[in-house]
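Reading through the structure tokens given below for one structure.
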Amino acid sequence: MSVNLFDSSGCPLDRQRFTWKELVQNPLSKLDDDAFTRVRAILMNGVELDAVRTKQAMLRMNGELRVPVAQLMRVEQEQASLVNWLLSADHSPLETTIAHEQTAVEVTASVAQLEPDPYLAQAYRYALLEHFDHLYRFSALLDRLEGKDANNITQGYTDIAPARPTTEQHRSPENDLIEPYGMDAALSTKLHALTLTGGEYQTHDYYMTIGPMFADPLARQLYAEVASIQSQYITHYSSMIDPHENPMEKMLLAEAAEVWNYQACAEQESNPRIRAIWERLLDYEMGHMQVVLHLFKDLERRDPAQLLGDGSLPPRIRFASQRDFVRRVIAAESSLRKDGTEFVSEEAEAPASIGWREHLNAEGSPSMAVSGGWHWTPGTELNDASDGDRSTPA
Amino acid sequence: MVTGMNRTGLDTATASSKASMIAYAQAQAAARAPESDGSFEAVHMAYIEEAECVGTVPVPATVKAIVASRRTGRRRDVLIDKLGERLAFERAGTRLYEAMLLKCGAPAEVNHPIDVAALAHIRDDEEMHFRLLHRCMEKLGADPTAMTPCADVVGVQGLGLMQVISDPRTTVGQALNALLSAELSDNAGWALLIELAEHTGHEDMATDFNAALQAKQQHLGMVGEWLRQAVLQEAT
């Protein structure tokens, strides 16, 4: 199905209704569904929640938009519920964490290759290899705490190995900032930044919610550590977005980002039942797009084409293993660091960041403690024949 | 159970990615992974050293019970804690069997070996045992509505059992496996409670608890047999 933001009318907003049974459907299968079905569910929950977040802020600041924003926000809340409830209850919170990090690695890798702005592409690659390292640290925790192999979740699509160490990812706040794209940036640039911002918010909020649910003290520490870095990514990605965009422009771009992402999900979904959900929600998003296009014309007195061009969607995120690209990035760029908004060599890193993390790590590093001596082995490290007998010494 | 599209194992990954993943993971870890320096153990030890307990046994609400508790001290606290644990387990157990009855009553689950009337009887026993423990705690001047530390911990322990039984996707056999875990633990719990009641001079309670244990042993036998039949039936 070919979608144009101006031509496709979608389901009218006043006909967008769900029952509780529709919102809480049969979940995906942890064992049998493709890992990328779960990746899409996690990504779209993040995108929906960010759309809600944007509108929550707009509601506080825009008198004339109160009614349509409230109406749109309600449907988006329900869409987020439908999508998020696709995750099945046999995922432990730590297994869902592995899925979040796989989503971050594979989606960011795809976006990094789609991004036309070389500086922003660098920013995606920078965060990508940090997520890759989180996947490794959480995989060690999954093995050593629950006795499970993270590859049961990642299904062979994503490598499990260290990159830029998590312990070195802590930066002083001003060094998390990225130079924003300008108003004349490509539409794809804007949609990429919005999508990744939503994803990072979601993962941050998820870790902040489940971290205290763990009994194991090292797990509690590791979630606190990675949640802190997730908050850095919120700064990293949010600061990419043009701060001079006005609220109507932001709402228009948020709707375009939702359409663009649902279209990617519908095009690539392997489970027919889940594909039908993506198609329904794409249709709903097209309905939202029409509402916002009208608002934009009525209130802004501008042509939405100034932001959306001819309405055609940019190339979509590819939901597929980006292994070769990721390996190249890790080999070439793990040693990069930040100084303000610039990417610099390890030696040129801002001293403030070094001081910041020296203090944080002064009583030990959770991500180092959890993974000491650990490398991924199919079937967990207990299955590593090269590692000898691990019996407890008498 | 059927053979299908399970994708979790490495064998379902493409052959090239399988060997490549292992080699890459090993090479990267050799170059970048931290050494095992004992910090994993050290973090745990430090927290265990500094930990406070999950909570306390509540102070009795009546003057008479406070006086009695001063006389019996720690022995009473342990008994109250373990009575609270068993009470919580029986109360949760009632809900486990109610969830199991729902699963067995579904039209899709007609072909199971469970005697549903017997299953309902076990559910009623669980509730009866909950009430027995409630009375015992009241008799000791303890508050049966409070959550004692062992009651709290046994609640954490049982979370997975309800997750298994209440999931619409699990089979009767899978749910029976969870019930078997509950019954094995419950049997051991009652045996210990009998010993504790005798040890603390509550022979009357021990007599009642013995009757409960006998019922528990029957539950264990029935659940174990239903599970055996369910699995063998599936394998036929």
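Throughout, read-outs are computed from the coordinates displayed, never taken from laboratory work. On a predicted model such as this, the values are computed, not experimentally measured, just so you know. Here the Cβ is made from the backbone with ideal geometry for all residues, glycine too, and neighbour counts use every protein chain on show.
Is there a residue in region A:26-33 that is away from every other protein chain (no Cβ under 14 Å) and either exposed (fewer than 13 other Cβ atoms within 10 Å of the Cβ) or not small (Gly, Ala, Ser) (or both)? Checked against the condition, which is being away from every other protein chain (no Cβ under 14 Å) and either exposed (fewer than 13 other Cβ atoms within 10 Å of the Cβ) or not small (Gly, Ala, Ser) (or both), region A:26-33 yields no hits at all. When residues in region B:1-12 are screened for being touching a helix residue (DSSP H, G or I) at 6+ places or on another chain (Cβ under 8 Å) and either surrounded by 12 or more Cβ atoms within 10 Å (Cβ to Cβ) or within 7 Å of chain A (Cβ to nearest Cβ) (or both), 5 of them pass. When residues in region A:34-67 are screened for being buried (at least 19 other Cβ atoms within 10 Å of the Cβ) and of a type outside the set (A, V, I, L, M), 11 of them pass.
Selection of region A:174-219 for residues being over 20 Å from A:Asp242 (Cβ atoms) and either under 20 Å from the mean Cα position of the chain (by Cα) or among the polar types (S, T, N, Q) (or both) yields A:Asn175, A:Gln202, A:Thr203, A:His204, A:Asp205, A:Tyr206, A:Tyr207, A:Met208, A:Thr209, A:Ile210, A:Gly211. Only a single criterion out of (1) in contact (Cβ under 8 Å) with a residue 12 or more places away in the chain; (2) of a type outside the set (A, V, I, L, M, F, W, C); (3) farther than 24 Å from A:Arg318 by Cα is not satisfied by A:Arg60, namely (1). Here the condition is being in a helix (DSSP H, G or I), more than 14 Å from every other protein chain (Cβ to nearest Cβ) and surrounded by 22 or more Cβ atoms within 10 Å (Cβ to Cβ); of A:His192, A:His204, it holds for A:His192 alone.
Taken over region B:138-180, residues that are in a helix (DSSP H, G or I) and either buried (at least 20 other Cβ atoms within 10 Å of the Cβ) or out of contact with any Pro (no Cβ under 8 Å at 6 or more places or on another chain) (or both) amount to 27. Counting only helices (runs of 4 or more DSSP H) wholly contained in region A:288-392, the ones carrying 2 or more residues that are closer than 29 Å to A:Ala224 by Cβ occupy A:323-333, A:351-360, A:366-371. Within region A:362-380, does at least one residue satisfy the condition of being more than 14 Å from every other protein chain (Cβ to nearest Cβ) and within 26 Å of A:Glu146 (Cα to Cα)? Looking through region A:362-380, none of the residues is more than 14 Å from every other protein chain (Cβ to nearest Cβ) and within 26 Å of A:Glu146 (Cα to Cα). Of the residues examined, A:Ile160 is one that is touching a residue at least 40 places away in the same chain (Cβ under 8 Å), in contact with a Leu (Cβ under 8 Å, 6 or more places away or on another chain) and at the interface with chain B (Cβ under 10 Å from one of its Cβ atoms).
For region A:208-220, the criterion of a residue being crowded, with 19+ Cβ neighbours inside 10 Å, over 23 Å from A:Tyr126 (Cβ atoms), within 14 Å of another protein chain (Cβ to nearest Cβ) and touching a residue at least 40 places away in the same chain (Cβ under 8 Å) is satisfied by at least one position.
Within region A:240-249, the set of residues being out of contact with any Asp or Glu (no Cβ under 9 Å at 6 or more places or on another chain) and assigned to a helix (DSSP H, G or I) comprises A:Pro247 only.
Considering only residues in region B:13-39 that are within 7 Å of chain A (Cβ to nearest Cβ), farther than 17 Å from A:Ser371 by Cβ and outside any loop (DSSP other than H, G, I, E, B), the one that is farthest from the chain's Cα centre (by Cα) turns out to be B:Ser17. Restricting attention to region A:231-286, the residues that are of a type in the set (Phe, Trp, Tyr) and either surrounded by fewer than 18 Cβ atoms within 10 Å (Cβ to Cβ) or closer than 27 Å to A:Gln306 by Cβ (or both) total 4. Can A:Arg74 be described as surrounded by fewer than 21 Cβ atoms within 10 Å (Cβ to Cβ), away from every other protein chain (no Cβ under 14 Å) and farther than 30 Å from A:Ile153 by Cα? Answer is yes for this residue. Within region A:95-110, the residues that satisfy the criterion of being buried (at least 24 other Cβ atoms within 10 Å of the Cβ) and not small (Gly, Ala, Ser) are A:Thr97, A:Ile98, A:His100, A:Glu101, A:Gln102, A:Thr103, A:Val105, A:Glu106, A:Val107, A:Thr108. Filtered by the rule that a residue be over 30 Å from B:Gly4 (Cβ atoms), of a type in the set (Gly, Ala, Ser) and touching a helix residue (DSSP H, G or I) at 6+ places or on another chain (Cβ under 7 Å), region A:19-64 gives a lone residue, A:Ala51. Suppose we filter region B:40-61 for residues that are among the aliphatic types (A, V, I, L, M) and either in a helix (DSSP H, G or I) or within 7 Å of another protein chain (Cβ to nearest Cβ) (or both); how many remain? Matching residues across region B:40-61 total 5. Can you tell me how many residues in region B:62-98 are outside any helix (DSSP H, G or I) and without any contact (Cβ under 8 Å) to a residue 12 or more places away in the chain? Residues meeting the conditions: 0. Inspect region B:68-84 for any residue being buried (at least 17 other Cβ atoms within 10 Å of the Cβ), at the interface with chain A (Cβ under 7 Å from one of its Cβ atoms) and not polar (S, T, N, Q) and give the result as yes or no. Within region B:68-84 (the criterion being buried (at least 17 other Cβ atoms within 10 Å of the Cβ), at the interface with chain A (Cβ under 7 Å from one of its Cβ atoms) and not polar (S, T, N, Q)), the answer is no, since none of the residues qualifies.
Only a single item in (1) more than 14 Å from every other protein chain (Cβ to nearest Cβ); (2) in a loop (DSSP other than H, G, I, E, B) is not met by A:Glu258, and it is number (2).
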